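Values quoted throughout were computed directly from the atomic coordinates according to the rules given, and no laboratory measurement underlies them. Everything quoted here is computed from the prediction, not taken from an experiment. Reconstructed Cβ throughout: ideal geometry from the backbone, glycine too, with neighbour counts over all protein chains shown.
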Amino acid sequence: MKEIPTRFLALAAVAALFGMIWGIQMSASHDYTLSPAHGHLNLIGFVTMSIFGTYYALTPRAADRPLAKLHFWIATAAVVLLAPGIVIAITDRGELLAQIGSLLAILSMALFAFTIVRYGVGPFVAAKTDGQEN
């Protein structure tokens, strides 16, 4: 299934683009107040989404599972809520959005860890033991 890797990698590219534009804006204005939010956009939005997309491209049997779609939507919600939530927290307007985004980011990584353990890495098919697939 190419759909899941494409979704993850497309979102990663968009996050990187926004992160770069935001970084240039901060540099031009010499105001780095929001750099923690910028950093999280790059890390959660670009780096982790790229890793997720690459994993699913390399492991199509994991990408074909409904869990992969759930993983995508949870990871997307984490990116969409976390970076703005950090901006809101830094500007003393509340921490709830950042907290929700953080919890979703943790859930997303837990799903990723489960998926790796369950399906391994790569296109191989698990060896059969006693007539049953692992």
>> If I take R0 = 25 Å and measure r between the Cβ atoms of Ala77 and Tyr32 in this structure, what FRET efficiency does the formula 1/(1 + (r/R0)^6) give, to the nearest 0.05?
In response: 0.40
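Taking other Cβ within 10 Å of each residue's Cβ, how do Asp92, Asp31 sort, fewest first?
On the way: Asp92 7, Asp31 10.
Least to most surrounded, the residues fall as Asp92, Asp31.
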>> Output wanted: per-residue J couplings in Hz (rounded whole) for region 10-20, from phi through Karplus 6.51 cos²θ - 1.76 cosθ + 1.60, θ = phi - 60°, x for Gly and Pro.
In response: 5, 5, 4, 5, 5, 4, 5, 4, 5, x, 5
>> With the crude spin-label approximation of a point 7 Å out along Cα→Cβ, what separation in nm comes out for Val117 versus Ala10?
In response: 3.2 nm
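Find the relative contact order for the chain and round it to a whole percent, using C-alpha pairs within less than 8 Å whose residues are 6+ positions apart. Could the numbers behind the result be given before it?
On the way: 155 pairs, mean separation 35.3, N = 134.
26 percent.
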> What residue among Phe52, Phe124, Phe72 shows peak mean-square fluctuation when the chain is described by a Gaussian network model with Cα springs under 10 Å?
Replying inline: Phe124
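Given the chain, report the % of alpha carbon pairs whose separation exceeds 24 Å.
Working: 3265 of 8911 pairs.
That fraction is 37 percent.
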